[in-house]
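What follows draws every value from the coordinates through simple rules; no lab data is involved. Treat the numbers as computed from the prediction; the structure is a model and nothing was measured. We place every Cβ from the backbone using ideal geometry, glycine too, and count neighbours over all the protein chains shown.
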Amino acid sequence: GAVVSQHPSWVICKSGTSVKIECRSLDFQATTMFWYRQFPKQSLMLMATSNEGSKATYEQGVEKDKFLINHASLTLSTLTVTSAHPEDSSFYICSAAGDRNEQFFGPGTRLTVL
Amino acid sequence: RKEVEQDPGPFNVPEGATVAFNCTYSNSASQSFFWYRQDCRKEPKLLMSVYSSGNEDGRFTAQLNRASQYISLLIRDSKLSDSATYLCVVNLMDSSYKLIFGSGTRLLVRP
């Protein structure tokens, strides 16, 4: 199956700093990538849909100025959590959609904001 | 009302048991249905798609009832390695191709 990587796999940062998470499709081109967030004992919640070369579409309640998404190429999308606060601590997972729109998930990034 | 609802469990069963999970979805326009498995602190992995006619993959059987907007997953002869959270997922198959996840049902298989 297709492989999607995320970097870093975990990050600890101080409150107020910004954190960038990378999502890469390693062996296929992904026109669309998705960013999810998962809090403990809850399900994945879609944050935004990212299309290569265009602005991301954010889900209701997700602040676009706080969660900056850049999808500059067909194999890379980045999510930047700006001015992170403890309530942003979560498991962030990306997925990349291939030709048949099947989504392949990255291994996730665990963010802890102190 | 949640778009996809599941019993959170946990279901605690002995090895070899048969266990069934249920899921309901609210949007009748949903077109594609899946069961994903998620291990603790890991990403979800596709277990199987769910088709209207029902489908089986080894010990796993999935069924869909569009009229009732109900999806099920049956696991026979449970193994210790089946312990995980099982996520019911639907896709509207509109232009966005968004997946909507249920909150998951946790399964614990004991020796």
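How far apart, in nm, are two points set 7 Å out from the Cα along the Cα-to-Cβ line at B:Ser52 and at B:Leu74?
That separation, rounded to one decimal, is 2.1 nm.
Efficiency by 1/(1 + (r/R0)^6): what FRET value for A:Thr82 and A:Glu52, r their Cβ-Cβ distance, R0 = 22 Å, to the nearest 0.05?
Efficiency at R0 = 22 Å is approximately 0.50.
Express the relative contact order of chain B as a whole percentage, based on alpha carbon pairs under 8 Å and six or more residues apart in sequence.
Taking the mean separation of contacting Cα pairs over the length of chain B, I get 37 percent.
Semi-axes of the equivalent ellipsoid for chain A, please: Cα gyration tensor eigenvalues, times 5, square-rooted, ordered largest first, whole Å.
22, 14, 13
Mind pulling the per residue volume of the convex hull built on the Cα atoms of chain B? Å³ is fine.
So the per-residue hull volume is 98 Å³.
Can you work out the FRET efficiency for the pair B:Ala20 and A:Gln42, with r the C-beta to C-beta distance and R0 = 22 Å, to the nearest 0.05?
E between B:Ala20 and A:Gln42, to the nearest 0.05, is 0.45.
Across 10 Å bins from 0, what is the distribution of all Cα-Cα pair distances for the protein assembly as shown, in whole percents?
Over the protein assembly as shown, the share of Cα pairs per 10 Å bin runs 8, 32, 34, 20, 5, 0 percent.
For chain A, what relative contact order do you get, as a whole percent, if you take Cα pairs closer than 8 Å and at least 6 residues apart?
37 percent
For a quick check of your reading of the filter: which trypsin sites (Lys or Arg not before Pro) in the range A:54-106 sit in a DSSP loop and have no more than 13 other Cβ atoms within 10 Å?
Loop-located and lightly packed - A:Lys55, A:Lys64, A:Arg100.
How big is Rg to Rh over the range B:4-65, alpha-carbon atoms, Rh as the Kirkwood inverse-mean-distance radius?
Ratio value, two decimals: 0.96.
Which cysteines in chain A lack any other cysteine whose Cβ sits under 4.7 Å from their own Cβ?
When partners are defined as cysteine Cβ atoms under 4.7 Å apart, chain A leaves A:Cys13 without one.
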